[in-house]
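Undergrad: One structure is given below, represented as structure tokens, and several questions about it will come after.
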Amino acid sequence: YGRNAAALSQALRLEAPELPVEVNPAKPRRGSFEVTLLRPDGSSAELWTGIKKGPPRKLKFPDPQEVVEELKKHLS
């Protein structure tokens, strides 16, 4: 989990340095790796969820570039 979160947060920071990136501001859902965009207006957009992925467990973690591409869609 830790390496995946670090790699993903770094990729997001490089793509959108103006956006704050937080890792687990609240307790995460069990058995999944999720990435959510929280907008200033209070709305949110799910960029990734691994809740229904796997086994194997490695499928629960996204390729960072995949999440960056999803972020770009929500920012344009």
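The values are calculated or read from the model by the stated rules, or taken from the named source; none is laboratory data. Quick caveat, the model's predicted, so the values are computed rather than measured. Counting neighbours? That spans all protein chains shown, and the Cβs are built from the backbone with ideal geometry, glycine included. These area figures cover heavy atoms from the full protein model, side chains too; ligands, DNA and RNA do not enter into them. Shrake-Rupley method; radii C 1.70, N 1.55, O 1.52, S 1.80 Å.
Undergrad: Take the solvent-accessible surface of the protein heavy atoms, probe 1.4 Å, and return the percent of it on the chain that carbon and sulfur atoms account for. All intermediate terms of the calculation are to be shown ahead of the outcome.
TA: Values: 2960 of 5640 Å².
Reported share for carbon and sulfur atoms: 52 percent.
Undergrad: For the chain, what is the Kirkwood hydrodynamic radius in Å, using each pair of distinct C-alpha atoms?
TA: Numbers: mean 1/r = 0.0775 Å⁻¹.
Every distinct Cα pair counted, the radius reaches 12.9 Å.
Undergrad: Of the residues 60, 52, 27, which exhibits the maximal mean-square fluctuation in a Gaussian network model of the chain defined by a 10 Å Cα contact cut-off?
TA: The residue with the greatest mean-square fluctuation here is 27.
Undergrad: Continuing with this model, one more query. How do 38-45, 13-20, 64-71 rank on mean C-beta neighbours within 10 Å, highest first? List each step's numbers first, then the result.
TA: Numbers: 38-45: 9.1, 13-20: 11.2, 64-71: 16.1.
Answer by packing, highest mean first, reads 64-71, 13-20, 38-45.
Undergrad: Could you give the accessible area per residue of region 1-75, probe 1.4 Å, as a whole number in Å²? Walk me through the numbers on the way to the answer.
TA: On the way: 5520 Å² over 75 residues.
For region 1-75, the per-residue accessible area is 74 Å².
Undergrad: Could you work out the relative contact order of region 27-66? I mean the mean sequence separation of Cα pairs under 8 Å and 6+ apart, divided by the number of residues, in percent.
TA: 32 percent
Undergrad: Quick check: pseudo-label points 7 Å beyond the Cα along Cα→Cβ at residue 43 and residue 27, how many nm apart are they?
TA: With each label placed 7 Å out from Cα toward Cβ, I get 3.0 nm.
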